[in-house]
Amino acid sequence: MTHSNTLSIQQPSFFSFKAFVALKNYIALLASALAEARQLEQETRKTSGSW
């Protein structure tokens, strides 16, 4: 009985850890995409300003 209780306690924490890692990866990907878009926007602004 005690073993099944510890198993049910450990399982949600494992899933939340996987969700946390997935969320961290998603935020890192989003941040890099925003940084790249900002850099492209600045380069476009430089070229359009010389027209």
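Scanning the range 14-27 for residues that are open to solvent by 90 Å² or more (accessible area, probe 1.4 Å) and among the hydroxyl-bearing types (S, T, Y) yields a count of 1.
Within the range 28-37, does at least one residue satisfy the condition of being over 16 Å from the mean Cα position of the chain (by Cα), at pLDDT 85 or above and open to solvent by less than 100 Å² (accessible area, probe 1.4 Å)? Checked the range 28-37: at least one residue is over 16 Å from the mean Cα position of the chain (by Cα), at pLDDT 85 or above and open to solvent by less than 100 Å² (accessible area, probe 1.4 Å). Applying a threshold of 9 Å to beta carbon distances and a minimum spacing of six or more residues, or different chains, the list of pairs starting in the range 17-29 at a residue that is in a helix (DSSP H, G or I) and ending at one that is loosely packed, with under 10 Cβ neighbours inside 10 Å and of a type in the set (A, V, I, L, M) is empty.
The values are calculated or read from the model by the stated rules, or taken from the named source; none is laboratory data. All values derive from a computational prediction rather than experimental measurement. In this analysis, Cβ positions are derived from the backbone assuming ideal geometry, glycine residues included, and neighbour counts consider all displayed protein chains. What goes into the accessible areas is simple: the full protein's heavy atoms, side chains included, and nothing from ligands, DNA or RNA. Shrake-Rupley method; radii C 1.70, N 1.55, O 1.52, S 1.80 Å.
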